[in-house]
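Student: Below: one structure in structure tokens.
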Amino acid sequence: MALRHDVVIVGGGGAGLRAAIAVAEAAPSLSVALVSKVYPMRSHTVSAEGGAAAVIKSNDTLDEHCSDTILGSDWLADQDAVELFVREAPAEMVQLEHWGCPWSREPDGHIAVRPFGGMKTERTWFAADKTGFHMLHALFQTSLRHPQITRYDEWFATKILVENGRCQGITGLELRSGRIDVLAAKAVIVCTGGCGRVYPFTTNGSIKTGDGMALSYRAGVPLKDMEFVQYHPTGLPGTGILITEAARSEGGVLVNKDGYRYLQDYDLGQPLDVHDPHHPMKKAMELGPRDRLSQAFVKEREKGRTLQGPYGDFVYLDIRHLGPERISRKLPFVHELVTRYVGIDPVHEPIPVRPVVHYMMGGIDTDADGATVLPGLFAAGETACVSINGANRLGSNSLPELLVFGARAGRAAARFAQEHAGLDLPALEKQVAEERERIARDFLDKRAGKERIASLRREMNEALESGAGIFRTHSSLRAACDKLAELRERFCHTSLDDHSLSFNTQLTAALELDFMLDLAQTIAHSAIERTESRGSHQRTDYPNRDDERFLKHSLAFSGAAGVRLAYKPVVITRWPPGKRVYGT
């Protein structure tokens, strides 16, 4: 029997919780389902460390935040969305404080802010270096105040249900029992995060498999700007664990095997006194944008200036000069991670780091209210593309993004649910019966398949890393496209060893891989057609930015023959495209 709600939210992280609270506050009579494949406090927002950007200080302005964001995006951000985001972010941050987020403070009691990459002034709020952890706690605790929010923890969404031309819910797999049921709703909000697990070396946890992106793609909604994949310059080799940008904002420096601060060779400014917390950001090399720093690492490796370790090449992030007191006060989690996972004390030894896949600039195409082209379907957070990030996201913009657009999507979904009555429950029940048959036929009852999930996933990871990594060419992308097509075909010949219903993790791994193969193909196909270099998409065979042909968003649709691409223009308001320059 169908489970009925007014609004279903898929994903229990920061965006999903903020959306749920917004629905409950905007329309208290509505019933809200919060569906998450993990307990909400295990969502990936909890791992965000460095901070959240919003204008709060007298030496900062909304226009400067807009300008930094647009410059960082390499002019691919929609400027109307950026202006809206920057305008609404401060109020969301203050609201989060009222809900209990313990922002770090100056001695006089004012909110403390730190510098972050690509921003010309200090505007990043933080809670030591566990910002996402504290934000998620505050949101989760606040959601518990609203009895109209019903949680479906450890439920896996397998399909978006479309009937009579609009979204009318999802099918959900309850992991504990294996039951597959309809969660019917007048509106659905997708908040499932990114898909970094399509790559082999990533900061993303194992749950970041892009489920919501793929569900929407299969429901006919385009995925926008999927070619733009952010590498963070400082991941721990062998683990993918992120060493937050806060380590560099506090004064950490990157050095090569010769102890040389190599970023001064890459148009990112000259060395300054790293002990001075008020140095101009435009001159601080380590606080350049993430795409430029990751690209500089590759250039250093090509010059033979990196170090060799058991997990490949790396450089050092040196924070020793900050001293034990400042590290303990400002970077306690960095100290804990490095000590625990590398076995060194960053107070006394430099930290080995290398670029690691971190964030998807692309995602489900939405408007500023999170609405998609499918009526009744909304999206927010990393899974969505509004777009404020364009070709490269600035660090500390993602956390306020999930607040601003999670809230807007929640309010818009509430309005939609109030305006649209009637669900075609018999048709939805028929769709869920077909979904049960599909999962049984393709996974649970299949015995003869020879392909293994782990092998296909590894080959997918390798194909994307080698073909659509930090630097790309037509030949590398063509090889990736061909390999992914092969893997998609081979996926049909997988079979499971576990045919049980309760907590069948092999089944969920297969469903996730099915989603990831779709997304990997959209990344590779979108990238091969963008014959320019812009932000995180660097084509060595097309090294220049081409505004005449590619100042536009890519749209990837699911077609009978695979990925079908279309384009739409970028919205320009007050910041015409210019040269993207950092340093002096």
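Student: Taking the conditions exactly as written (within 25 Å of the chain's Cα centre (by Cα), open to solvent by less than 50 Å² (accessible area, probe 1.4 Å) and touching a residue at least 60 places away in the same chain (Cβ under 8 Å)), does Ser536 satisfy them or not? Outline the logic, then answer.
Tutor: Values: within 25 Å of the chain's Cα centre (by Cα): yes; open to solvent by less than 50 Å² (accessible area, probe 1.4 Å): yes; touching a residue at least 60 places away in the same chain (Cβ under 8 Å): yes.
Against the criterion (within 25 Å of the chain's Cα centre (by Cα), open to solvent by less than 50 Å² (accessible area, probe 1.4 Å) and touching a residue at least 60 places away in the same chain (Cβ under 8 Å)), Ser536 qualifies.
Student: I would also like to ask the following. Pull out all pairs, ordered by first then second residue, where Cβ-Cβ is under 7 Å, the residues are six or more apart or on different chains, the first lies in region 53-72 and is among the hydroxyl-bearing types (Ser, Thr, Tyr), and the second is assigned to a loop (DSSP other than H, G, I, E, B) and open to solvent by less than 70 Å² (accessible area, probe 1.4 Å).
Tutor: Matching pairs, first to second residue: Thr61/Val55; Ser67/Trp575; Thr69/Ala77; Thr69/Ile388; Thr69/Leu394; Thr69/Asn397.
Student: Out of everything in region 71-86 that is of a type in the set (Gly, Ala, Ser) and touching a Lys or Arg at 6+ places or on another chain (Cβ under 8 Å), what residue ends up being farthest from Phe550 (Cα to Cα)?
Tutor: First pass over region 71-86, keeping only residues of a type in the set (Gly, Ala, Ser): 72-73, 77, 81.
Imposing the further condition that a residue be touching a Lys or Arg at 6+ places or on another chain (Cβ under 8 Å) reduces the set to 72-73.
Numbers: Gly72: 17, Ser73: 14 Å.
Out of the qualifying residues, it is Gly72.
Student: Would you be able to say whether some residue in region 356-366 is at pLDDT 95 or above and surrounded by fewer than 19 Cβ atoms within 10 Å (Cβ to Cβ)?
Tutor: Within region 356-366, not a single residue is at pLDDT 95 or above and surrounded by fewer than 19 Cβ atoms within 10 Å (Cβ to Cβ).
Student: Let me ask something else. If you take the residues in region 490-516 that are among the aliphatic types (A, V, I, L, M) and touching a residue at least 60 places away in the same chain (Cβ under 8 Å), which one is surrounded by the fewest Cβ atoms within 10 Å (Cβ to Cβ)?
Tutor: Looking only at region 490-516, we keep the residues that are among the aliphatic types (A, V, I, L, M), and these are 496, 501, 507, 509-511, 513, 516.
Okay, now just the ones that are also touching a residue at least 60 places away in the same chain (Cβ under 8 Å), so 501, 507, 510-511, 513, 516.
Numbers: Leu501: 16, Leu507: 22, Ala510: 23, Leu511: 21, Leu513: 22, Met516: 26.
Going through the qualifying residues, I end up with Leu501.
Student: If you take the residues in region 268-302 that are among the charged types (D, E, K, R) and open to solvent by less than 40 Å² (accessible area, probe 1.4 Å), which one is modelled with the highest pLDDT? Can you show your working first?
Tutor: Step one: filter region 268-302 for residues among the charged types (D, E, K, R), giving 273, 276, 282-283, 286, 290-292, 299-302.
Pick out the ones that are also open to solvent by less than 40 Å² (accessible area, probe 1.4 Å) and you get 286, 290-291, 300.
On the way: Glu286: 90, Arg290: 91, Asp291: 91, Glu300: 96.
Filtering first and then ranking leaves Glu300.
Student: Right, next: Quickly run through region 128-160 and pick out the residues that are more than 27 Å from Asn504 (Cα to Cα), of a type in the set (D, E, K, R), open to solvent by less than 50 Å² (accessible area, probe 1.4 Å) and modelled with pLDDT of 95 or more.
Tutor: Residues satisfying the conditions do not exist here.
Student: Of the residues Ala485, Ala520, Ala454, which is open to solvent by 20 Å² or more (accessible area, probe 1.4 Å), among the aliphatic types (A, V, I, L, M) and in contact (Cβ under 8 Å) with a residue 60 or more places away in the chain?
Tutor: On the way: Ala520 fails: open to solvent by 20 Å² or more (accessible area, probe 1.4 Å); Ala454 fails: in contact (Cβ under 8 Å) with a residue 60 or more places away in the chain.
When all the criteria are applied, what remains is Ala485.
Student: Would you check if there is a residue in region 473-480 being in contact (Cβ under 8 Å) with a residue 60 or more places away in the chain, open to solvent by 20 Å² or more (accessible area, probe 1.4 Å) and touching a helix residue (DSSP H, G or I) at 6+ places or on another chain (Cβ under 7 Å)?
Tutor: Yes: one or more hits.
Student: Restricted to region 52-67, and to residues that are among the hydrophobic types (A, V, I, L, M, F, W, C) and part of a helix (DSSP H, G or I), which residue is most open to solvent (accessible area, probe 1.4 Å)?
Tutor: Checked region 52-67; the qualifying residue most open to solvent (accessible area, probe 1.4 Å) is Leu62.
Student: Any residue in region 206-217 that's at positive phi: show its pairings with residues that are part of a loop (DSSP other than H, G, I, E, B) at Cβ separation under 6 Å, as long as the two are six or more apart or on different chains.
Tutor: Hits for this filter: Gly210/Cys195.
Student: Among the numbered conditions (1) within 30 Å of Ala509 (Cα to Cα); (2) among the charged types (D, E, K, R); (3) surrounded by fewer than 18 Cβ atoms within 10 Å (Cβ to Cβ), tell me where Glu49 comes up short.
Tutor: Unmet for Glu49, out of (1) within 30 Å of Ala509 (Cα to Cα); (2) among the charged types (D, E, K, R); (3) surrounded by fewer than 18 Cβ atoms within 10 Å (Cβ to Cβ): (3).
Student: Here is a further query. Pairs under 9 Å by beta carbon, first residue on the phi < 0 side of the Ramachandran plot in region 299-314, partner among the acidic types (Asp, Glu) and assigned to a strand (DSSP E or B), six or more apart or different chains?
Tutor: Glu300/Asp313; Arg301/Asp313; Thr306/Asp313; Leu307/Asp313
Student: Looking for something without any contact (Cβ under 8 Å) to a residue 24 or more places away in the chain and within 30 Å of Phe550 (Cα to Cα) - is there at least one such residue anywhere in region 380-393?
Tutor: At the first step, the residues of region 380-393 found to be without any contact (Cβ under 8 Å) to a residue 24 or more places away in the chain are none.
No, the conditions are met nowhere in region 380-393.
Student: Further, regarding this structure: How about region 416-451: which of its residues are in contact (Cβ under 8 Å) with a residue 12 or more places away in the chain and either on the phi > 0 side of the Ramachandran plot or among the small types (Gly, Ala, Ser) (or both)?
Tutor: Ala417, Ala421, Ala427, Ala448, Gly449
Student: So in region 30-46, with the set limited to residues that are at pLDDT below 95 and among the β-branched types (Val, Ile, Thr), which one is nearest to Phe133 (Cα to Cα)?
Tutor: Here the answer is Val46.
Student: Further question on the same structure: Going through region 552-574 one residue at a time, which ones are outside any strand (DSSP E or B) and surrounded by fewer than 18 Cβ atoms within 10 Å (Cβ to Cβ)?
Tutor: Ala560, Ala561, Val571, Ile572, Thr573, Arg574
Student: Of all the residues that make up region 19-38, how many are part of a loop (DSSP other than H, G, I, E, B) and either over 19 Å from the mean Cα position of the chain (by Cα) or basic (Lys, Arg) (or both)? So that I can check it myself, show each step before the final result.
Tutor: Within region 19-38, the first condition is being part of a loop (DSSP other than H, G, I, E, B), and the residues that meet it are 27-31, 37-38.
Subsequent filtering for residues that are either over 19 Å from the mean Cα position of the chain (by Cα) or basic (Lys, Arg) (or both) retains 27-31, 37.
Of the residues in that region, 6 qualify.
Student: I would also like to ask the following. When the residues of region 303-340 are narrowed to those that are farther than 30 Å from Ala128 by Cβ, modelled with pLDDT of 95 or more and not in a loop (DSSP other than H, G, I, E, B), which ends up least open to solvent (accessible area, probe 1.4 Å)?
Tutor: Keep residues of region 303-340 that are farther than 30 Å from Ala128 by Cβ, which gives 303-306, 308, 310, 312-313.
Within this subset, residues satisfying the condition of being modelled with pLDDT of 95 or more are 303-306, 308, 313.
Filter once more, keeping what is not in a loop (DSSP other than H, G, I, E, B): 308, 313.
Values: Gln308: 139, Asp313: 35 Å².
Looking at residues that are farther than 30 Å from Ala128 by Cβ, modelled with pLDDT of 95 or more and not in a loop (DSSP other than H, G, I, E, B), I get Asp313.
Student: Out of Ala414, Ala391, which single residue is open to solvent by less than 10 Å² (accessible area, probe 1.4 Å), of a type in the set (A, V, I, L, M, F, W, C), in a helix (DSSP H, G or I) and touching a helix residue (DSSP H, G or I) at 6+ places or on another chain (Cβ under 8 Å)? Even if it seems obvious, please write down each step before you answer.
Tutor: Numbers: Ala391 fails: in a helix (DSSP H, G or I).
Just one listed residue meets the conditions, Ala414.
Student: I've got another one for you. Kindly indicate the residue of region 68-104 that is open to solvent by 40 Å² or more (accessible area, probe 1.4 Å) and among the small types (Gly, Ala, Ser) and also nearest to Lys120 (Cα to Cα) among those meeting that condition.
Tutor: If we take residues in region 68-104 being open to solvent by 40 Å² or more (accessible area, probe 1.4 Å) and among the small types (Gly, Ala, Ser), then Ala91 is nearest to Lys120 (Cα to Cα).
Student: Name, by its number, the condition in (1) small (Gly, Ala, Ser); (2) open to solvent by 10 Å² or more (accessible area, probe 1.4 Å); (3) in contact with a strand residue (DSSP E or B) (Cβ under 6 Å, 6 or more places away or on another chain); (4) outside any helix (DSSP H, G or I) that does not hold for Ala427.
Tutor: That leaves (4) as the condition not met.
Student: Among the residues that make up region 514-526, is at least one of them on the phi > 0 side of the Ramachandran plot and not aliphatic (A, V, I, L, M)?
Tutor: Narrowing region 514-526 to residues on the phi > 0 side of the Ramachandran plot: none.
No, region 514-526 has no match at all.
The values are calculated or read from the model by the stated rules, or taken from the named source; none is laboratory data. Because the structure is a prediction, the values reported are computed rather than measured. Reconstructed Cβ throughout: ideal geometry from the backbone, glycine too, with neighbour counts over all protein chains shown. Quick note on the areas: whole protein, heavy atoms, side chains included, nothing else; ligands and nucleic acids left out. Shrake-Rupley method; radii C 1.70, N 1.55, O 1.52, S 1.80 Å.
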